[in-house]
Structure formats: C-alpha cells, structure tokens
Amino acid sequence: LMMIHKMDHRMSYARRDCYNETVISRISPGGQGMEKEESMSTFIVGKPQKKDGGVHEVSLSGELDAKGALTLEQTVSSLMDMKAMRVVLDFSSVTFVSSAGVGMLLGLVSSMKRAGGELVFKEVSQKVRSVFSLLNLEDYFNLTDAAGRRT
C-alpha cells in the first residue's frame, strides 16, 4: 500500500474473462508514462562528519532503495573499517525506505553490534517509522530525536 501511495493516483480495475485486472501506472507531470530511467529515485549519502565523542554522523536524503542501499552500505562499512564505534544516520530528509533498504539496514545494525558498536537512526519521519513499525523493527533499531533521545 505504501508503494501505491507513493505513486501518482492512477489505478484502473476491470473484470475480464473471470479474472480481476488491476493496472497501476505512474504518470509524469507532463501526463506521459514514466520510463524506467526517469522513475528511478534519488538517494544522497552525505560525507560523514566527526562529532564529539568519536561519533560519526551521516546525513541522508531521498528515497532509500536498492541503489541507495549499496551506497549507504559502502559508507557505513568504511566507517567500521576505521573503527568508528558509534555511527548516527540522520534520516530527517529520507522520504521512503524500500524492502531492499530495510534489509540492508538490518545487516548494518547486526554488523555494528557484532563489532561492539552502535548504529543510530536520528529523526526518522513518521512515514518511514511506520514501515519499521509494520515490520516490528522499532525496538531493534535505535531511533532517536534531534537531541539524541530514544523515541
């Protein structure tokens, strides 16, 4: 449902030859169907910023899909290679997380825990939080507000 909600609202339904047919299409602002290249989301992983106490903070923005997940995974893995023990991912500008993104986040949290570190998700929007909640991950992920208080 979240994927459908993310699309422009164009959906048709028909009953043909004893089968239900539902067609969901995304329309670009010009009214033409979007090509695969045009519909790809943008996800930006900022340069890690070292904060007080050895904390490394990484700002994120856009839609965390499979392509963005690879970029984020590389960034966090390089921080782990540098022995960063506390990494804060700033989700304040993340608008969507796909299943590939959730899977990658699970793997990163597990890797950080095994290494004795901690991965923190800061300022997660209600929309993204609802995905985590639906999957029962709110307690597994360390979610904080802007001040660093667990939410």
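The values are calculated or read from the model by the stated rules, or taken from the named source; none is laboratory data. Keep in mind that what you see is a predicted model, and the values were worked out from it rather than measured. Every residue, glycine among them, receives a Cβ derived from its backbone with ideal geometry; neighbour counts consider all protein chains shown. These area figures cover heavy atoms from the full protein model, side chains too; ligands, DNA and RNA do not enter into them. Shrake-Rupley method; radii C 1.70, N 1.55, O 1.52, S 1.80 Å.
Worth pointing out:
- The listed residues are M3, M40, M104, and the only one of them that is at pLDDT below 90, closer than 24 Å to L137 by Cβ and either open to solvent by less than 40 Å² (accessible area, probe 1.4 Å) or within 18 Å of the chain's Cα centre (by Cα) (or both) turns out to be M3.
- Residues located in the stretch 48-72, provided they are surrounded by 17 or more Cβ atoms within 10 Å (Cβ to Cβ) and part of a helix (DSSP H, G or I): G68, A69, L72
- Pair list, Cβ < 6 Å and 6+ apart or interchain, from the stretch 131-151 residues that are under 18 Å from M104 (Cβ atoms) to residues that are in a strand (DSSP E or B): V131/V97; F141/F121; N142/V120; L143/F121
- For the stretch 86-132, a residue qualifies if it is among the polar types (S, T, N, Q) and either under 15 Å from R150 (Cα atoms) or not in a helix (DSSP H, G or I) (or both), and the qualifying residues are S92, S93, T95, S98, S125, Q126.
- The set of residues from the stretch 118-139 being of a type outside the set (A, V, I, L, M, F, W, C), out of contact with any helix residue (DSSP H, G or I) (no Cβ under 7 Å at 6 or more places or on another chain) and within 24 Å of G54 (Cβ to Cβ) comprises K122, E123.
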